[in-house]
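Beneath this line is the structure, given in structure tokens, with notes to follow.
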């Protein structure tokens with residue numbers, strides 16, 4: 001039987017008068033890659049930000065590894081953020097840090113190993129994402145696709161159990177998109193990480209997803225495999241999948 005490691009139960013969220021969710025209920029299983037799809041402004045990224053304490057639900061319950069994360073104090077997030085890492089849409093690299101320093105940052109924050117062990121880990125994770133020997137470079141000296149891969153290397157540096165990807169292929173060329181999609185699948189297989197991917201690119205969804213969850217009408221309106229999604233005839237899902245609704249997401 002699959003193990004549920006993330007659970008949303010009747011979660012609601014609004015920003016002022018703009019209600020995003022009226023009832024988000026969803027389970028995520030250990031080891032799977034779950035893609036979150038939906039139109040712009042439906043709150044796909046909000047779901048992830050609540051998992052790392054950047055946003056709080058207005059009501060409902062969210063459990064991670066069997067622990068409620070609603071109302072946690074700042075210091076109580078330390079262990080959660082070591083086990084759950086987020087790859088932000090823009091990469092969020094520090095421009096004044098080298099690639100190596102960027103990757104070491106979360107290791108230092110979480111007191112992961114000594115200096116020698118951290119440096120060895122930097123080389124290891126860069127090799128895992130296909131970017132050997134660039135520790136000395138700065139973000140301004142590498143391409144957009146490389147920045148995404150460095151950000152991914154930083155995310156896996158402290159050996160998290162869950163990886164959250166917020167639009168990991170936005171703005172990339174087709175070759176870089178295929179490379180990132182391949183990395184997502186490879187990391188799932190090599191590290192047995194659980195992946196939650198927000199994306200508007202349906203070709204990527206059908207490449208990487210074990211299951212798909214669609215946000216519609218302020219709730220999770222569909223959860224199932226890619227094959228099950230393709231068989232749905234309801235217009236709100238069928239049109240999205242067939243048409244691709246390939247607009248740039250502007251979620252909060």
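Bear in mind these aren't lab numbers, they're just calculated from the coordinates by the rules spelled out. Just so it is clear, the structure is predicted and the values come from calculations on it, not from any experiment. For neighbour counting, all protein chains shown are included, and Cβ atoms are generated from backbone atoms with ideal geometry for every residue, glycine included.
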> When only C-alpha pairs under 8 Å and at least 6 residues apart count, what is the relative contact order of segment 93-175, in percent?
Replying inline: 38 percent
>> Largest first, please: the extent of the C-alpha atoms of segment 99-139 along each principal axis, to the nearest Å.
In response: 25, 18, 14
>> Report D for segment 162-231 in µm² per second (integer): Stokes-Einstein, Kirkwood Rh on Cα pairs, 37 °C, 0.692 mPa s.
In response: 255 µm²/s
>> Taking 37 °C and 0.692 mPa s as the conditions, I'd like the Stokes-Einstein D for segment 1-103 in µm²/s, using the Kirkwood hydrodynamic radius from alpha carbon pairs.
In response: 215 µm²/s
> Which FRET efficiency, nearest 0.05, do residue 233 and residue 127 yield, Cβ-Cβ r, R0 51 Å?
Replying inline: 0.65
> How large is the helix-only mean residue ellipticity at 222 nm for the chain, computed as the sum of -39500 (n - 2.57) over DSSP H runs with n ≥ 4, divided by its residue count, in deg cm²/dmol to the nearest 500?
Replying inline: -11000 deg cm²/dmol
>> Rounded to two decimal places and with Rh computed the Kirkwood way over Cα pairs, what is Rg over Rh for segment 53-102?
In response: 1.07
>> When a/c reaches 1.5 or more, the comparison of a/b and b/c decides; with that in mind, is segment 1-42 rounded, prolate or oblate per its Cα gyration tensor?
In response: oblate
>> Could you compute how fast the chain diffuses translationally, taking Rh as the Kirkwood radius over C-alpha pairs and applying Stokes-Einstein at 20 °C with viscosity 1.002 mPa s? Give it in µm² per second.
In response: 115 µm²/s
> Quick one: what do you get for segment 92-161 if you divide its Cα Rg by 2.2 N^0.38 Å?
Replying inline: 0.98
> Looking at the square roots a ≥ b ≥ c of the eigenvalues of the Cα gyration tensor of segment 35-168, which shape do they give, rounded for a/c under 1.5, prolate if a/b is larger than b/c, or oblate?
Replying inline: oblate
> If you count the DSSP beta bridges with both ends in the chain, what percent of them are antiparallel, to the nearest 5?
Replying inline: 50 percent
> Based on the alpha carbon coordinates of segment 135-252, what radius of gyration and maximum Cα-Cα distance (Dmax) apply, in Å?
Replying inline: 15.5, 52
> Could you state the per residue volume, in Å³, of the convex hull enclosing the Cα atoms of segment 18-71?
Replying inline: 96 Å³
>> Tell me the angle of helix 144-156 to the major Cα principal axis of the chain, expressed in degrees between 0 and 90 and rounded to the nearest ten.
In response: 90 degrees
>> I need the Kirkwood Rh of segment 154-202: take the reciprocal of the average 1/r across all distinct C-alpha pairs and report it in angstrom.
In response: 11.4 Å
> Mind checking the angle between helix 99-109 and the chain's longest principal axis? C-alpha axes, 0 to 90 degrees, to the nearest 10.
Replying inline: 70 degrees
> Ranked highest first by average number of other Cβ atoms within 10 Å, how do 47-57, 91-101 line up?
Replying inline: 47-57, 91-101
